[in-house]
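Report on one structure; see the data block that follows.
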Amino acid sequence: MHLYNQQDLKINNTLHGEKETFKPITDGYVGMYVCGPTVYSHVHLGNVRTFISFDMIFRYLKHLGYKVRYVRNITDAGHLENDGDIGEDKITKKARLEAIEPMEIVQRYTVDFHNVLNTFNLLPPSIEPTATGHIIEQIELIQSIIDNGFAYTVNGSVYFDVHKYNESNAYGILSKRKLEDLIHNTRALDGQSDKKNPQDFALWKKAEPTHIMRWPSPWSDGFPGWHLECTAMSTKYLGDFFDIHGGGMDLKFPHHECEIAQNQASKGQAPVKYWMHANMLELNGARMSKSTGNFINPAELLSGKNDILSKAYNPSVIRFFMMQASYRSVLDLTDAGLDASEKGFKRLMDALNLLDSLKTSSTSTHDISAWKQSCYDAMNDDFNTPILIAKLFEAVKFINQIHEGKAAITTTNLEILKETLNAFVFDVLGLENLRELDSSSNKLSGAVELLIKLRQEARANKNFALSDQIRDELAEIGIQLNDSREGTTFSY
């Protein structure tokens, strides 16, 4: 029997504002879509938190035995900044600044995005579609919305008619906003826009002569609107109605609201059963912002090369820090918080490394089965990782007591304890054992030092072909040798 049949998972559904028992549309299968990055710059640390949160959710669903199709898109077709009606898209803007092709920008920052997520030990999604790879689907979707009377064409651009849609549907159902309030709080159009109403949003924009990223369509050579790609790709790979749609809290309005409207307008039904939103990451009690200087990117956090925090932190320590808050809570990144997490993480790893040396007894002083279920109860409560971590530290206390001879455990219960800890610490939370990582690093360093010694001997014997071969083959696997008067060092 699969674990999901034994556990009662509840998910906070943003659509209804409450926790609901999770029942997938198809028994045993889960379709999950998470909005990915627009690849025009280095991935923001706040985005990293969102992707770590949904990686944890993906991992737990898989742990429960569900077959999960996890789709996370790459936005590689620029959309107008802030969903505006005029202006330049982010990718083209960056390409102009650097005087290179937009797809060079896309390639550079897609690679960077993957490298950062790999560093934090995120599992790859099942499918990672790109916006540029689904232009045809987006054009077909627009045509369907036009045919159903919810969009209009002006001067080669196509706009979603929010007012027309709201006559038969509830625009604002996800964000709990009313169109009347949006109208009241929106300034009048100044005549520079083709839109009938300020609340309407672009489905397709006619490209200006200087706009680089463009595609042919029935309406004009242009590019799709910001919200369209997610509707097209999520429904293509997960169906017109799927289980989970996730993303950052900042996407709830207007992006996700518009996705719902597009799906209702084109297919006549809501797209998603459970909407999930991860909350923001702050820095030292204030909103992260490049303009104010209160900002740190993942590379700076990992290297320690910044003026905000006192030192570098290991990726697993950072991931552990993020898991100590609910994915729905605002999390404040501080030196004190990271330092406390580093100490707690070390305590957890030290306890895990004691497991194989524990002596067993004929009796157990702790109810390991009840503790195991309490770990599941925590995760079943809308993926409550702070409570789960508290339960893991209960196990740390058990382990230390047994190690010191102050408590006892049977062979059977020790196996349950090991299995459960490994499942939740490594498989679900996605942490890595620093001792094992340090051991692997030490072994690698030893092997490279040996190759450096052999290279030095080859050079002394004037066997420069072998010397160059050692240097070049190490370089191919990312290890650089640096020769100087003091000797040879390496980096990787």
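The values are calculated or read from the model by the stated rules, or taken from the named source; none is laboratory data. Values in this document were obtained by computation on a predicted structure and should not be read as measured data. Neighbour counts are summed over all protein chains in view; Cβ atoms, including those assigned to glycine, are modelled from backbone coordinates with ideal geometry. When the accessible area is computed, the model is the full protein with side chains, heavy atoms only, and any ligands, DNA or RNA have been set aside. Shrake-Rupley method; radii C 1.70, N 1.55, O 1.52, S 1.80 Å.
Ignoring everything except DSSP H segments at least 4 long, calculate the 222 nm mean residue ellipticity for the chain; use -39,500 (n - 2.57) per segment, divide by total residues, nearest 500. If you can, show how the numbers build up before the last one.
Values: 16 runs with 209 residues, N = 492.
Value at 222 nm, helices only, nearest 500: -13500 deg cm²/dmol.
Can you compute the modelled spin-label distance between Q401 and A170, with each label point 7 Å from Cα toward Cβ, in nm?
5.0
For helix 434-460, what angle does its Cα long axis make with the longest principal axis of the chain, in degrees from 0 to 90 and rounded to 10?
80
N13's amide H: which non-local residues (gap 5+, or another chain) put their own amide H closer than 5 Å, with H modeled 1.01 Å from N in plane and none for Pro or chain starts?
E18, K19, E20
Suppose R0 equals 22 Å; then what is the FRET efficiency for M249 and N294 from their Cβ-Cβ distance, rounded to the nearest 0.05?
E(calc), rounded to 0.05, equals 0.75.
Among (1) 26.5, 86; (2) 25.0, 85; (3) 23.5, 85, only one was calculated for this model; which label is it, if the read-out is Rg and Dmax of the Cα atoms in Å?
So the structure-derived entry is (1).
May I ask which residue of F113, L45, F58 lies farthest towards the positive end of the charge dipole of region 1-130, with charges of +1 (Lys, Arg) and -1 (Asp, Glu) on Cβ and the Cα centre as origin?
Of the candidates, F58 comes out farthest on the positive side.
Spelling out what I want: for every residue of region 374-388, take phi, set θ = phi - 60°, compute 6.51 cos²θ - 1.76 cosθ + 1.60 (Karplus), and round to whole Hz; glycine and proline get x.
Each residue of region 374-388 in turn: 5, 5, 5, 4, 5, 5, 6, 8, 6, 6, 7, 5, x, 5, 4 Hz.
Would you work out which of P198, T132, G156 lies farthest towards the positive end of the dipole of region 126-250? Charges go on Cβ: Lys and Arg +1, Asp and Glu -1.
P198
Could you size up the charge dipole of the chain around its Cα centre, putting +1 on the beta carbon of Lys and Arg and -1 on that of Asp and Glu, and report it in debye to the nearest 20?
740
Can you give the FRET efficiency for I127 and D367, using 1/(1 + (r/R0)^6), R0 = 45 Å, r = Cβ-Cβ distance, to the nearest 0.05?
For R0 = 45 Å, the calculated efficiency reads 0.60.
Suppose every K and R has +1 on its Cβ and every D and E has -1 on its Cβ; what is the size of the dipole of region 314-396 about the Cα centre, in Debye to the nearest 20?
The dipole of region 314-396 has a size of about 180 debye.
With +1 on the Cβ of every Lys and Arg and -1 on the Cβ of every Asp and Glu, and nothing else charged, how large is the dipole of region 214-308 about its Cα centre, in debye rounded to the nearest 20?
It works out to roughly 40 debye.
Mind grabbing the accessible area of W215 for me, 1.4 Å probe, Å², rounded to tens?
Near enough 50 Å² of accessible area.
Beyond 19 Å, what share of the Cα-Cα pairs of region 127-241 remains, rounded to the nearest whole percent?
51
What's the carbon and sulfur percent of region 212-305's accessible surface, probe 1.4 angstrom, rounded to a whole number? Kindly include the intermediate steps, with their values, before the conclusion.
Working: 1700 of 3350 Å².
Answer for region 212-305 is 51 percent, counting heavy atoms of protein chains only.
Which pairs, out of K311/K343; K164/K236; K273/K391, put more than 22 Å between their alpha-carbon atoms?
Among K311/K343; K164/K236; K273/K391, the Cα-Cα distance tops 22 Å for K164/K236; K273/K391.
With a 1.4 Å probe and every protein chain kept in, tell me what percent of the accessible surface of region 317-405 is carbon plus sulfur.
Of the solvent-accessible surface of region 317-405, carbon and sulfur hold 50 percent.
Just to check I understand the Karplus step: with θ = phi - 60° and J = 6.51 cos²θ - 1.76 cosθ + 1.60, what whole-Hz values come out for region 155-169, glycine and proline as x?
Ordered by residue, 3J(HN,Hα) equals 6, x, 9, 10, 10, 7, 8, 5, 5, 4, 4, 5, 5, 10, 9 Hz.
Would you mind getting the accessible area per residue of the chain, heavy atoms of the protein chains only, 1.4 Å probe, in Å²?
That works out to 46 Å² per residue.
Which value in nm describes the separation of the simple spin-label points at V154 and E394, placed 7 Å from the Cα toward the beta carbon?
6.0
For the Cα atoms of the chain, what angle does the longest principal axis make with the long axis of helix 257-267, in degrees from 0 to 90, nearest 10?
With rounding to tens, the tilt is 60 degrees.
So, R0 is 35 Å and r is the distance between the beta-carbons of L97 and N118; what FRET efficiency does that work out to, to 0.05?
That gives a FRET efficiency of 0.80.
Using only the alpha-carbon atoms, how far is helix 228-238 inclined from the longest principal axis of the chain? Give it as 0 to 90 degrees, nearest 10.
60
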